[in-house]
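The values are calculated or read from the model by the stated rules, or taken from the named source; none is laboratory data. Note that the coordinates shown come from a computational prediction; the quantities given were computed from them, not determined experimentally. For neighbour counting, all protein chains shown are included, and Cβ atoms are generated from backbone atoms with ideal geometry for every residue, glycine included. Just the protein is used for accessible areas: all its heavy atoms, side chains included, with ligands, DNA and RNA removed. Shrake-Rupley method; radii C 1.70, N 1.55, O 1.52, S 1.80 Å.
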Amino acid sequence: MIRTIKSARGNVGNGDDAAVTKAVQSLLAQVEQGGDKAVRELSMRFDGFDRDSYLLTKNEIDGCVNSLTKLEREDLDFAQDQIRNFAEAQKATLLDLEVETLPGVVLGHRHLPIQNVGCYVPGGKYPLLASAHMTVLTARVAGCERVITCAPPFQGRIARKIVAAQALAGADEIYCLGGVQAIAAMAYGTETIAPVDMVAGPGNAYVAEAKRLLFGKVGIDLFAGPTETLIIADETVDGELVATDLLGQAEHGVNSPAVLVTTSAKLATSTLAEIERLLEILPTAAVAGKAWNDFGEIILCDTIDEMLAESDRIASEHVQVLTRDTDYFLNNMKNYGALFLGARTNVSFGDKVIGTNHTLPTNKAARYTGGLWVGKFLKTCTYQRIETDEASALIGQYGSRLSLMEGFVGHAEQANIRVRRYGKRNVGYAMPVDPVWPVDPI
């Protein structure tokens, strides 16, 4: 039996979504129509940041990189090495294909990188330099020709560590520009910013809505909402560990869901007590505490199968498995953004350094998509080649009949002309019975 020990008080996304959409539509239209002038006005309005050009110069970028301490540079290099290595390993699994499906019929596909990519790195509340690794580096590994980045100023100044991370990851153009105006500038282009073909990276509700509205005009990585974390745990772990991991993700925002699913009533009780204790000393308690009060949940199950069912129902962005048998969930769980197996790992490792990508599906989107990875920056494009007359005539006779079944006479004639030109009377090719379009008999 499944019981709720603590339930959420609110539902993520129950705000005035219509108002957000209306506001974003207006901002997008301003940039589409006003170009650089509108971008500058909106940057001054929302970020209090005014420049003649929001493109950072080489001297500004070099200054940001050189401002890093030796340890900061080593840490950034280490994180980027891990992310690059895993992205390269992922790309190695994506092989081009060519196969002869019938004698003389060759089909194949190639993985082609998207040419122009815009990467958004959020930085209003926290300077999320890790998002530069996750987007820019991954696009670079995919082979994208032009990778540009936008990140807002932090506390009224260029966010030097974000800029350093973007530069070290290999960005071609770095703009100190945030919010909807950044997404719009990359998608529509302006007098000074060439448009991109795809926009990637997380952001607040307005940035997410801008990406949603622009989908089709440009490609996007995925729809990303507030950070979510789910912990699946049994009696093998303690309340302090679970509470720390729940609050560590709840500090992302006041609407970040944090959920514990467990078979241990003792763990549920101790986790609640530890959360109360940690909120007394955690510097980000104002945010994490509100997120926990409003969106935190503890669900008690009787069996491991019930925990699996609840976890798949929740379809969380991040899922930590702190149980005796972690492989059970690895082998059986279907809906999640990323799995973190065992007490030795945790979501913050994935967020910052371990190598997997931290841009992941939220709002139950894990039911139908995974997160950002090198494959998102690639287009799998097919091709075909027919190498013999006999194969062209063979495919042609089937294609003609199938086209006529659907009423596509012109399609049928495309097939028929190949049968007439490449077919041989003595190999038994036959035209459709009673064709509705006159054809030469074989």
Largest fluctuation, 19, 139, 366 only, Gaussian network model of the chain with Cα springs under 10 angstrom, belongs to 19
For the chain, whose charge dipole is built from +1 on Lys and Arg Cβ atoms and -1 on Asp and Glu Cβ atoms, the candidate among 262, 408, 174 with its Cα farthest towards the positive end is 408
antiparallel share of DSSP beta bridges within the chain, to nearest 5, in %, is 35 percent
Note to self: C-alpha centroids of the stretch 153-212 and the stretch 1-71 sit apart, in Å, by 8 Å
For residue 403, the accessible surface traced by a 1.4 Å probe with all protein chains present amounts, in square angstrom to the nearest 10, to 20 Å²
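State to the nearest 20 debye the size of the charge dipole of the chain about its Cα centre, where the only charges are +1 on K and R beta carbons and -1 on D and E beta carbons.
Numbers: 42 positive and 54 negative charges, 181 e Å.
Computed charge dipole of the chain: roughly 860 debye.
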Measure of exposure for residue 221: accessible area at 1.4 Å probe, Å² rounded to 10, is 10 Å²
Once the dipole of the stretch 276-431 is set up from charges on Cβ (+1 Lys and Arg, -1 Asp and Glu), the residue from the list 422, 360, 308 lying farthest towards its positive end is 422
Heavy-atom accessible area of residue 418, protein chains in place, probe 1.4 angstrom, given in Å² to nearest 10, is 110 Å²
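Roughly speaking, to the nearest percent, how much of the stretch 115-210's 1.4 Å accessible area is carbon and sulfur? Can you show the working numbers first?
Numbers: 1410 of 2750 Å².
Heavy-atom surface of the stretch 115-210 belonging to carbon and sulfur, 1.4 Å probe: 51 percent.
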GNM on the chain, Cα springs under 10 Å; top mean-square fluctuation among 100, 297, 173 goes to 100
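Based on the alpha-carbon gyration tensor of the stretch 136-183 and its eigenvalue square roots a ≥ b ≥ c, which shape applies: rounded if a/c is under 1.5, prolate if not and a/b is larger than b/c, or oblate?
Working: a/c = 3.00, a/b = 1.66, b/c = 1.81.
Here the stretch 136-183 falls in the oblate category.
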Out of 116, 363, 331, a Gaussian network model of the chain with alpha-carbon springs under 10 Å gives the largest mean-square fluctuation to 331
Here the equivalent ellipsoid of the chain, derived from its Cα gyration tensor, has semi-axes (largest first, whole Å) of 47, 32, 21
Toy charge model, Lys and Arg Cβ at +1, Asp and Glu Cβ at -1: the stretch 290-395 dipole around Cα centroid in debye, rounded to 20, equals 480 debye
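Out of the trypsin sites (Lys or Arg not before Pro) in the stretch 62-146, which ones are loop residues according to DSSP with at most 15 other C-beta atoms within 10 Å?
Values: sites: 70, 73, 84, 91, 110, 125, 140, 146; in loops: 125.
In loop regions of the stretch 62-146 (DSSP not H, G, I, E or B), the sparsely surrounded trypsin sites (Lys or Arg not before Pro) are 125.
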Of the candidates 104, 83, 117, the farthest towards the positive dipole end of the stretch 72-125 (Lys/Arg Cβ +1, Asp/Glu Cβ -1, centred on the Cα centre) is 117
Sorting 422, 368, 175, 188 on solvent-accessible surface, 1.4 Å probe, most exposed first, gives 368, 422, 188, 175
Taking Cα atoms, the helix 17-47 axis meets the longest principal axis of the chain at an angle in degrees (rounded to 10) of 90 degrees
For the chain, longest principal axis from Cα atoms; helix 160-169 axis from its Cα atoms; angle between them, nearest 10 degrees, is 30 degrees
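So what is the accessible area of the chain per residue, in Å², with the probe set to 1.4 Å? Don't skip to the answer; put the middle values down first.
Details: 21430 Å² over 442 residues.
Heavy-atom SASA per residue in the chain reads 48 Å².
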